[in-house]
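Engineer: Next up is a structure, given as structure tokens.
The values are calculated or read from the model by the stated rules, or taken from the named source; none is laboratory data. These numbers were taken from a predicted model, which means no experiment stands behind them. All Cβ positions, glycine included, derive from the backbone under ideal geometry; neighbour counts span all protein chains shown.
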Amino acid sequence: MKKIIAVIPARYKSTRFEGKPLALIMGKPMIRHVYEGVIKSELLSDVIIATEDRRIYDACRDFGANAVMTKDTHQTGTDRIIEAVSGIEADIVLNIQGDEPLVNSEIIESLIKPFNESGDISYTSVKTPIYSYEEFIDPNNVKVITDKNNFGIYFSRSPIPYDRERADELKDFKGIFGYKHLGFYGYTKEFLLEFGKTEMSYLEKKEMLEQLRAIENGYRIKVETVNISTIPVDVPGDIKKVENFILKSYNY
């Protein structure tokens, strides 16, 4: 039986939205929504919140979460996760972004599924169909293309693939424009620790997408398809989008 732990990196000093893990959504800190969405999965041995800020740490402890303090010098959430799990026994580590308050069990299960199907998998993620032209061209939505076995070929903020035949009529197109990459990851702990030793790559710096470092270094990312999307909170205005979704979904 594999030991699977989920780690939620939560940083206070966000450039576009300082303190966002503690921003209230329906009266609760966003980080609590993330935590409660993750712990619903029965496949996890533990859920850890990793932060560099005492305010976040204290808030998480107040609602009963397992929180740990990490260095404030980490450049990425992955680096923070590596510190959090370095002394912990685990086979699989999930990276659940601390600004994803709508994460649910379908996403968690999809990240874990490939590890149970093949011993050759070391890195997983998830994607969902894009049906909106506006969403397809939005650089804040990362797009992904995969091969026939659902291994990632490329991730980009640009709309990919480019549809040469329909380029002039895409606004009126009805169907799937492409696939949106959702920012959730699964790794074997062995791979995660090794990946942490690699340097930022050329494409990673261009797109500001860490997963491209793995592809440039020859690693494969298994990308499962899920039927839901999420609303990551990047700026304060996204809070209202999440609240409206919750109100609509649960008929408040």
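Let's see how each residue does on (1) small (Gly, Ala, Ser); (2) free of Cβ contacts under 8 Å to residues at least 24 places away in the same chain; (3) closer than 27 Å to residue 119 by Cβ:
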| residue | (1), (2), (3) |
| --- | --- |
| 17 | no, no, no |
| 35 | no, no, no |
| 45 | yes, no, yes |
| 49 | no, no, no |
| 82 | no, no, yes |
| 85 | no, no, yes |
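Engineer: Looking at (1) over 18 Å from residue 225 (Cβ atoms); (2) in contact with a Gly (Cβ under 9 Å, 6 or more places away or on another chain); (3) among the aromatic types (Phe, Trp, Tyr), can you tell me which one residue 123 breaks?
Structural biologist: (1)
Engineer: So which residues in the range 85-124 are modelled with pLDDT of 95 or more, more than 14 Å from the chain's Cα centre (by Cα) and within 15 Å of residue 47 (Cβ to Cβ), if there are any at all?
Structural biologist: Listed by number, the residues that qualify are 85, 90, 92.
Engineer: Now for a different question. If I go through the range 125-158 residue by residue, how many of them are modelled with pLDDT of 95 or more and assigned to a loop (DSSP other than H, G, I, E, B)?
Structural biologist: 7
Engineer: Let me ask something else about it. Just to verify a result, which residue in the range 49-79, among those that are touching a helix residue (DSSP H, G or I) at 6+ places or on another chain (Cβ under 8 Å) and of a type in the set (Ser, Thr, Tyr), is nearest to residue 209 (Cα to Cα)?
Structural biologist: The residue in question is 78.
Each row is one residue, and each column tells you yes or no for (1) touching a residue at least 40 places away in the same chain (Cβ under 8 Å); (2) more than 20 Å from the chain's Cα centre (by Cα); (3) outside the structural domain of residue 32 (by TED's automatic domain parsing).
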site	(1), (2), (3)
158	no, no, yes
161	no, yes, yes
165	no, yes, yes
171	no, yes, yes
202	no, yes, yes
222	yes, no, yes
239	yes, no, yes
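Engineer: If you take the residues of the range 221-241 that are farther than 20 Å from residue 131 by Cβ and of a type in the set (A, V, I, L, M), which of them is modelled with the lowest pLDDT?
Structural biologist: 235
Engineer: Report, by residue number, each residue of the range 173-187 that is over 16 Å from the mean Cα position of the chain (by Cα) and either within 20 Å of residue 127 (Cα to Cα) or of a type outside the set (A, V, I, L, M, F, W, C) (or both).
Structural biologist: Hits for the range 173-187 are 174, 175, 176, 177, 178.
Engineer: Something else now. Against the condition at pLDDT 90 or above and part of a helix (DSSP H, G or I), how does residue 199 come out, does it pass?
Structural biologist: The answer is no for residue 199.
Engineer: Shifting gears a bit: Based on this model, can you work out whether residue 243 counts as touching a residue at least 40 places away in the same chain (Cβ under 8 Å), of a type in the set (D, E, K, R) and not in a loop (DSSP other than H, G, I, E, B)?
Structural biologist: The answer is yes for residue 243.
Engineer: A further question follows. When the residues of the range 160-200 are narrowed to those that are touching a strand residue (DSSP E or B) at 6+ places or on another chain (Cβ under 7 Å) and among the hydroxyl-bearing types (Ser, Thr, Tyr), which ends up surrounded by the most Cβ atoms within 10 Å (Cβ to Cβ)?
Structural biologist: Result: 187.
Engineer: Which of the numbered conditions does residue 231 fail, given that it passes all the others? Conditions: (1) over 18 Å from the mean Cα position of the chain (by Cα); (2) of a type in the set (A, V, I, L, M); (3) under 17 Å from residue 181 (Cβ atoms).
Structural biologist: With respect to (1) over 18 Å from the mean Cα position of the chain (by Cα); (2) of a type in the set (A, V, I, L, M); (3) under 17 Å from residue 181 (Cβ atoms), residue 231 is out only on (1).
Engineer: Does the range 99-115 contain any residue that is farther than 28 Å from residue 238 by Cα and free of Cβ contacts under 8 Å to residues at least 24 places away in the same chain?
Structural biologist: Checked against the condition, which is being farther than 28 Å from residue 238 by Cα and free of Cβ contacts under 8 Å to residues at least 24 places away in the same chain, the range 99-115 yields no hits at all.
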